[in-house]
Amino acid sequence: MNRIIIIIGIISFLFSCSPNSQVEEKDEATLQQDQKMEWWREARFGLFIHWGLYAEPAGEWKGERIAGISEWIMARAAIPVKEYEKLAENFNPEKYDAEAWVKLAKYAGMKYIVITSKHHDGFAMFQSKASKYNIVDATLFGRDPLKELADACKKYGIRLGFYYSQAQDWHEPGGTYFNIEDGKPHWDANLVREPLMNYINGKAVPQVKEILENYGGLDILWWDTPRGMTEEAAQALQDVADEYPDMLTNNRLYRPWPGDFTTPEQHVPPTGLDYDWEVCMTMNTSWGYKSYDENWKSGETLIRMLVDIASKGGNLLLNVGPTPEGLFPEPSIDRLKQIGLWMQQNSESIYGTTASPFFKLPWGRCTTKEVDGNTILYLHVFDWPKTGLLQVPGLKTRIKDIYLLSNPKQKFAWKFEDDDLFIHAPSIIFDPINTVVVIETKEKVKVTSNMPTLKEGSILLPADFADIHNPGYGTHAYLSGSGKKSIIQNWVDARVRLEWMFNSVEPGKYKIETLIKANEICKLNVTVGDKNVESEIQPTNNKFEIISLGEIEISETGNQSISLTPDRENWGEVELMYVELVK
Ligand code: JFZ
């Protein structure tokens with residue numbers, strides 16, 4: 001066996017050495033993938049729906065509020081299977097109106113919907129012959145809401161995907177659960193364990209076949225949490241999915257398998273990724289409906305998040321957790337409408353766009369499109385310049401026209417100064433959330449990077465040039481203000497790392513200084529390339545102080561980065577305005 005593998009290895013190595021065959025093969029595969037991903041890359045914006053029996057307890061069990069995301073209540077409150085099953089008896093979402101959901105998603109500018117067909121609780125929200133534990137057979141409701149949703153999507157031209165929890169199924173003796181990998185038992189001792197493959201072959205594979213066959217063809221199959229998954233189990237499911245070569249799948253079937261796109265969860269990556277990616281995000285904290293979760297993100301935050309993601313080349317899958325009656329919660333409706341209002345005028349700057357060519361834009365973001373070989377730049381202005389001049393760094397190009405996207409008759413004058421373009425921006429704020437200015441050019445645009453450069457012995461790295469690496473779950477640090485007044489605030493989670501890209505032309509030994517505020521002794525690690533120093537910050541008495549973080553050797557020229565990584569044992573509440581390197 002091993003010998004065969006080695007021989008195959010040698011043969012494929014020899015083949016890969018022949019340059020022609022490799023280039024052709026790669027291009028063919030890339031082209032095919034490009035074609036498959038085309039609608040999804042064009043779409044940029046979708047609706048995630050988490051709906052199931054958990055909407056009924058809505059975060060409360062036996063009069064007690066259960067911490068965490070509501071769809072996890074069965075595990076978090078250790079509810080026995082037989083007891084949880086009873087929720088089905090009362091589940092009767094009579095106000096459910098699939099067309100109303102789809103119409104609202106469409107109004108918000110969303111091009112696709114992904115809905116939970118079965119979450120970790122094991123309850124199928126569709127008619128299933130493979131398991132009686134489904135909405136048609138186990139509830140009074142008796143309708144198949146996913147069938148109705150599929151019909152409505154078809155009617156309104158919205159693409160449809162199903163979420164299917166393939167590994168975790170807390171209802172089945174062979175399904176996995178949250179701490180199975182640590183060898184812990186299921187909380188319900190009455191559930192006599194069986195091998196994983198019993199569940200995979202008996203329920204997961206048949207149900208996945210059902211959802212792929214019975215709903216007119218899915219555009220996306222969204223796997224989740226491969227806890228306790230084996231390659232054998234994953235392969236059995238992959239074989240079913242492979243029957244549908246046009247359908248997209250995410251990267252959550254089995255850990256090492258990439259799928260068609262990756263899924264950063266509950267955070268926006270600081271820069272673009274070199275693989276198709278989709279951020280999934282809640283509007284409040286929980287995915288499933290939780291009656292007392294009031295932690296709503298504002299419409300402004302959500303609109304800017306969509307733009308931020310598009311400017312980095314990704315998609316946003318924004319979540320709603322409907323109520324047990326079958327309604328979107330009022331705050332979700334308000335936000336979808338607010339996003340819709342903005343999208344009605346500005347969606348051209350989102351759909352089919354690609355990532356920003358700029359390194360950083362202190363006042364906002366940029367998305368682009370190529371039309372007939374010429375570049376269109378959409379400048380998303382979050383902070384309208386008080387100077388009346390919008391500076392576009394490193395852009396020298398032949399310009400056809402500059403105008404307001406929401407009102408193309410509103411033209412702007414412009415001039416070039418040194419390497420930059422300046423747009424004359426009358427001191428009217430058009431849209432306090434995000435005003436889109438369109439630059440139509442007469443060529444394929446190339447931008448000179450405005451990445452800060454270390455020269456003449458120093459470099460200043462402001463807060464708004466930092467990449468904030470936030471964890472998915474945890475407390476997020478965020479940027480407030482822009483330019484010299486920008487501050488990274490709420491840096492309380494020691495897993496948050498700050499990073500600045502810069503360009504160095506002068507290797508040497510540098511002092512590291514920072515303008516910072518800390519409420520207690522904080523330790524952190526500063527890294528540049530393979531060099532690092534440990535630094536300690538004393539409390540600053542509730543004001544910003546310039547603090548020395550020590551010295552570091554910069555040995556390389558060219559693009560590189562400096563990172564500040566907190567010491568997990570020694571961290572408090574920190575705010576930061578800049579880091580400076582001085583020779
Ligand atoms: C999973 C589910 O457990 C959760 O209920 C919800 O459906 C969400 C969309 O997906 O939760 C995850 C999945 C991935 C990570 C964290 C939580 N992750 O990659 O960090």
## Note on the structure
Here the equivalent ellipsoid of segment 364-447, derived from its Cα gyration tensor, has semi-axes (largest first, whole Å) of 19, 15, 11
### Task
Classify segment 160-225 as rounded, prolate or oblate from the Cα gyration tensor: take a ≥ b ≥ c as the square roots of its eigenvalues, call it rounded if a/c is under 1.5, otherwise prolate when a/b beats b/c and oblate if not.
prolate
### Query
Angle, helix 299-311 long axis vs. longest principal axis of the chain, Cα atoms, 0 to 90°, nearest 10?
80 degrees
### Task
Report the residues of segment 393-411 in range of a label on Lys369: point 7 Å along Cα→C-beta, backbone N strictly under 20 Å from it.
398-411
### Query
Between segment 485-523 and segment 38-70, how many Å separate their Cα centres?
36 Å
### Message
Just to confirm the number: angle between the C-alpha axis of helix 2-17 and the first principal axis of the chain, 0 to 90 degrees, nearest 10?
### Response
40 degrees
### Summary
Glu232 and Glu83 label points (each 7 Å along its Cα→Cβ direction) are spaced in nm at 3.4 nm
### Query
If you line up the long axis of helix 19-43 against the longest principal axis of the chain, both from Cα atoms, how many degrees apart are they, to the nearest 10?
80 degrees
### Query
Taking the highest mean first, how do the peptides 514-527, 278-291 order by number of other beta carbon atoms within 10 angstrom per residue?
278-291, 514-527
### Query
Computed FRET efficiency, Cβ-Cβ of Ser427 and Arg65, R0 60 Å: what is it to the nearest 0.05?
0.75
### Query
Could you give the radius of gyration (one decimal) and Dmax (whole number) of the Cα atoms in the chain, in Å?
26.3, 75
### Message
Using +1 at the C-beta of Lys and Arg and -1 at the C-beta of Asp and Glu, which of Met37, Phe358, Ala518 has the Cα lying farthest in the positive direction of the dipole of the chain?
### Response
Phe358
### Task
Mind checking which lysines have their Cα closer than 20 Å to the Cα of Lys523? Skip sequence neighbours fewer than 8 apart in that chain.
Lys511, Lys531, Lys543
### Task
Treating cross-link reach as a plain straight distance, find the aspartates and glutamates whose alpha-carbon is under 18 Å from the alpha-carbon of Lys290, omitting any fewer than eight places away in the same chain.
Glu56, Glu60, Glu64, Glu71, Asp121, Glu325, Glu330, Asp334
### Restraint check, Lys106/Lys369; Lys36/Lys411; Lys82/Lys129; Lys118/Lys155; Lys312/Lys442, Cα-Cα greater than 32 Å
Lys36/Lys411
### Restricting segment 385-493 to trypsin sites (Lys or Arg not before Pro) in coil, as DSSP defines it, with at most 13 other Cβ within 10 Å
Lys386, Arg398, Lys442, Lys444, Lys446
### Query
With each label point set 7 Å from Cα along the Cα-Cβ vector, what nm distance links Lys147 and Glu294?
4.2 nm
#### Entry: Rh by Kirkwood over Cα pairs, then Stokes-Einstein D for segment 410-501 at 0.890 mPa s and 25 °C, µm²/s
145 µm²/s
### Query
Using alpha-carbon positions, what is the distance between the centroids of segment 349-427 and segment 302-327, in Å?
25 Å
### Cleavage-rule hits, trypsin sites (Lys or Arg not before Pro), segment 106-138, DSSP coil, Cβ neighbours within 10 Å at most 14
Lys129, Lys132
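Laboratory data are not the source of any read-out in this text; all were calculated from the coordinates shown. Keep in mind it's a predicted model, so treat the numbers as computed, not measured. All Cβ positions, glycine included, derive from the backbone under ideal geometry; neighbour counts span all protein chains shown.
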